[in-house]
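K.L.:
Let me give you the structure first, and then I'll get to my questions.
The values are calculated or read from the model by the stated rules, or taken from the named source; none is laboratory data. This structure is a prediction, so every number in the text was calculated from the model and none was measured. Cβ placement follows ideal geometry from the backbone for every residue including glycine, while neighbour counts extend to all protein chains displayed.
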Amino acid sequence: MYQILKSAHSGWRYLVLILLVLAIIQALSGWLGKKPYTEGNRKVNLFTLIFVHTQILIGLVLYFLSPLVEAGIRYWKMEHIGMMIFAAILVTVGNARSKKGDDPAAKHKAVALYFGLALIVIIASIIQMTMVDPTRSFFGIS
């Protein structure tokens, strides 16, 4: 069960990254292009939120099922989980802020800012993972 969840968690990150990038591109385009905030924007943001939260849930299950003999145990038990929860909080706040107010530019700006920061945190954590455990790669499924 642990290995299946680990593979799912590792593969799911690509869906999270793709949705985050898509949501950020849409938000930047809407914000800088002064476009309206559409139902399509809302749906992409919602799906991004759902996928990020699903990834966190799988990660939390792995956190509690994890064997204590893994390389870089401190990284997995402290930094990785902390950074990922922080990224999920950023996505949640960005999505919540995009629902408030009537100004489309403010909605797009909130998504661009918070989702962008979350993407930076996630990428930094993945890069740090490859440094802690050289058997893992950014693009390879571990």
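K.L.:
Which of (1) without any contact (Cβ under 8 Å) to a residue 40 or more places away in the chain; (2) part of a helix (DSSP H, G or I) is the odd one out, the single condition residue 101 does not satisfy?
P.N.:
Among (1) without any contact (Cβ under 8 Å) to a residue 40 or more places away in the chain; (2) part of a helix (DSSP H, G or I), residue 101 violates only (2).
K.L.:
Here's another thing I want to ask about it. Considering only residues that are exposed (fewer than 13 other Cβ atoms within 10 Å of the Cβ) and among the polar types (S, T, N, Q), look in the range 114-142 and name the one that is modelled with the highest pLDDT.
P.N.:
Among those that are exposed (fewer than 13 other Cβ atoms within 10 Å of the Cβ) and among the polar types (S, T, N, Q), it is 135.
K.L.:
Filter the range 1-48 down to the residues that are in contact with a Lys or Arg (Cβ under 7 Å, 6 or more places away or on another chain) and in a helix (DSSP H, G or I) and list them by number. Outline the logic, then answer.
P.N.:
Let us first name the residues in the range 1-48 that are in contact with a Lys or Arg (Cβ under 7 Å, 6 or more places away or on another chain), namely 29, 31, 37.
Correct list: 29, 31.
K.L.:
For the range 47-59, give me each residue that is over 24 Å from residue 100 (Cβ atoms) and surrounded by 14 or more Cβ atoms within 10 Å (Cβ to Cβ).
P.N.:
Selection gives 54, 55, 58, 59.
K.L.:
Also, quick follow-up: Please indicate, with yes or no, whether at least one residue in the range 84-97 is among the aromatic types (Phe, Trp, Tyr) and in contact (Cβ under 8 Å) with a residue 24 or more places away in the chain.
P.N.:
From the range 84-97, those among the aromatic types (Phe, Trp, Tyr) are 86; that's our starting set.
Pick out the ones that are also in contact (Cβ under 8 Å) with a residue 24 or more places away in the chain and you get 86.
Yes, the conditions are met somewhere in the range 84-97.
K.L.:
Separate question: Please determine, by comparing only the residues of the range 28-46 that are within 16 Å of the chain's Cα centre (by Cα) and hydrophobic (A, V, I, L, M, F, W, C), which one is surrounded by the fewest Cβ atoms within 10 Å (Cβ to Cβ).
P.N.:
46
K.L.:
Among the residues of the range 71-111, which ones are farther than 23 Å from residue 136 by Cβ and buried (at least 19 other Cβ atoms within 10 Å of the Cβ)?
P.N.:
90, 91, 94, 95, 98, 107, 108, 109, 110, 111, listed by residue number.
K.L.:
Among the residues of the range 51-98 satisfying the criterion of being of a type in the set (D, E, K, R) and part of a helix (DSSP H, G or I), which is nearest to the chain's Cα centre (by Cα)?
P.N.:
If we take residues in the range 51-98 being of a type in the set (D, E, K, R) and part of a helix (DSSP H, G or I), then 79 is nearest to the chain's Cα centre (by Cα).
K.L.:
Take the residues of the range 13-22 that are modelled with pLDDT of 90 or more and surrounded by 15 or more Cβ atoms within 10 Å (Cβ to Cβ): which is farthest from residue 50 (Cα to Cα)?
P.N.:
22
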